[in-house]
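Q: Here you go, one structure.
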Amino acid sequence: MKNPLILYLAAPRGFCAGVDRAIKIVEMALEKWGAPVYVRHEIVHNKFVVDGLRDKGAVFVEELEDCPPDRPVIFSAHGVPKAVPAEAARREMVYVDATCPLVSKVHIEAARHHENGLQMIMIGHAGHPETIGTMGQLPEGEVLLVETVEDVGHVEVRDPAQLAFVTQTTLSVDDTIDIVAALKARFPAIVGPHKEDICYATTNRQEAVKAIAPDCDALLVVGAPNSSNSKRLVEVARKAGCSYAQLVQRAENIDWRALEGISSVGVTAGASAPEVLIDEVIDAFRDRFDVTVKMVETAQENVEFKVPRVLRVPA
């Protein structure tokens, strides 16, 4: 006989509007121009999604020079430095920018502050493609990166009275509040975004995890190890009272020995994980336990972003 298990399913979870749009852009580009279509960097951080698009004829490369000049190239949802589309235009390539509109909003904000003579501080993770893309909107030295409250104490600015800050869209909401407070304490004149840079999807997924974590013996986040928003969900779950929170790419990655004796588990997914992988995890629990699924919904999402016009007009 199987042991009973309550499975708390967080909502919202999984795909956000920006990810949905980016995947659609690759699929529509393949329909319009045929294979191969080149994609600079993983379109979204999920192996299952990337492999599926590769099977349809997408070729993933790290840099523009890896693309032939006569095939279309797509820039990933995380955004790219300004130099990349400029180089694509110089090489007369057909390119489609799949940058999430909420990341583009941060780029526009940074450019506006720069025009007003302000130096930027970016709260983000070094080396993440979104951070590289945002910092690459402005000339070298115009965007300073801080990752922690401690970094704020060491950052060297040109003029404390001429500063603004932006953030990566996939950060932990709670951690970012502490870093912003430290920035404002050290630089009282610093200008913040009109509206929160951390995107609605990141915020909503973190709130849903906070709602279920205290009731769970374990919590699994379906997502990729290089997905910033997925890793933040694991951290949020631990802080919210679930000591065993783990990131799993797929059901086959679940450590069942670590879950022996549990009576409740939470399941959610990062913004680039498709629902099919969540279903796979639920089925794996059903195989081993007598599962009762409880959906816990903390927000409803109805955001939709249009694909670029070049894909909506016939070839």
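Q: Could you give me the radius of gyration and the Dmax of region 256-315, taking only the C-alpha atoms into account and expressing both in angstrom?
A: Here Rg and the maximum Cα pair distance are 18.1, 58 Å.
Q: I need the phi-derived Karplus couplings for region 271-282: 6.51 cos²θ - 1.76 cosθ + 1.60, θ = phi - 60°, integer Hz, Gly and Pro marked x.
A: 5, 10, 9, x, 4, 4, 6, 5, 4, 4, 5, 4
Q: Put +1 on the Cβ of each Lys and Arg and -1 on the Cβ of each Asp and Glu in the chain; which of Val44, Val276, Ala110 then has its Cα farthest toward the positive end of the dipole?
A: The residue sitting most towards the positive pole is Val276.
Q: Name the residue, out of Ala284, Ala77, Ala164, whose mean-square fluctuation peaks in a Gaussian network model built on the chain with Cα pairs under 10 Å.
A: Largest GNM mean-square fluctuation: Ala284.
Q: Please give the contour-minus-distance gain from Lys306 to Val94: 0.36 nm per residue of separation, less the Cα-Cα distance, rounded to one decimal in nm. Working shown, then result.
A: Numbers: separation 212, 0.36 × 212 = 76.32 nm, distance 1.91 nm.
Length gained, Lys306 through Val94: 74.4 nm.
Q: With θ taken as phi - 60° and the coefficients 6.51, -1.76 and 1.60, list the Karplus ³J(HN,Hα) couplings across region 11-16 in order, rounded to whole Hz; mark glycine and proline as x.
A: So the Karplus estimates, Gly and Pro as x, are 9, x, 8, x, 3, 9 Hz.
Q: If you don't mind, another one. What's the tally of Lys pairs in region 192-315 whose alpha-carbon atoms lie under 29 angstrom apart, where the two lysines are 8 or more places apart or on different chains?
A: Summing the qualifying lysine pairs gives 11.
Q: Along the Cα→Cβ direction, 7 angstrom out, place labels at Thr148 and Glu297. What is the inter-label distance in nm?
A: Here the answer is 4.0 nm between the modelled labels.
Q: Would you mind telling me which residue in Val103, Val191, Val222 has the biggest mean-square fluctuation in a Gaussian network model of the chain, where springs connect alpha carbons within a distance under 10 angstrom?
A: Val191
Q: Starting with the highest mean, order 169-179, 248-258, 203-213 by the number of other Cβ atoms within 10 Å, averaged over the residues of each peptide.
A: Numbers: 169-179: 19.6, 248-258: 13.5, 203-213: 22.8.
Averaged packing, sorted descending, gives the order 203-213, 169-179, 248-258.
Q: Would you mind working out the magnitude of the charge dipole of the chain relative to its Cα centre, with +1 at each Lys and Arg C-beta and -1 at each Asp and Glu C-beta, to the nearest 20 Debye? Intermediate values should be presented prior to the final figure.
A: Details: 33 positive and 45 negative charges, 115 e Å.
Dipole size: approximately 560 debye.
Q: Here is a further query. In sequence order, what are the phi-derived ³J(HN,Hα) couplings for region 212-221 according to the Karplus relation 6.51 cos²θ - 1.76 cosθ + 1.60 with θ = phi - 60°, rounded to whole Hz, with x for glycine and proline?
A: Result, rounded to whole Hz: 9, 3, x, 8, 10, 6, 8, 9, 10, 10.
Q: Let me ask something additional. Using only Cα atoms, figure out Rg for region 42-143 and give it as a multiple of 2.2 N^0.38 Å.
A: Values: Rg = 14.7 Å, N = 102, 2.2 N^0.38 = 12.8 Å.
Region 42-143 yields a ratio of 1.15.
Q: Tell me, what is the percent relative contact order of the chain, built from C-alpha pairs under 8 Å that lie six or more residues apart?
A: Working: 606 pairs, mean separation 84.8, N = 315.
Averaging sequence separation for qualifying contacts and normalising by length gives 27 percent for the chain.
Q: With springs connecting C-alpha atoms under 10 Å apart, model the chain as a Gaussian network and identify which of Gly223, Gly79, Gly34 has the largest mean-square fluctuation.
A: The residue that fluctuates most here is Gly34.
Q: If R₀ is 35 angstrom, what is the calculated FRET efficiency for the pair Arg288 and Lys24, using the beta carbon separation as r and rounding to 0.05?
A: Working: r = 36 Å, r/R0 = 1.01.
Efficiency, rounded to the nearest 0.05: 0.50.
Every read-out reported here was derived from the displayed coordinates using simple, explicitly stated rules and does not represent laboratory data. In this text, all values refer to a predicted model and were calculated from it rather than measured experimentally. A quick note on method: Cβ atoms are made from the backbone with ideal geometry, for glycine too, and the neighbour counts reach across all protein chains shown.
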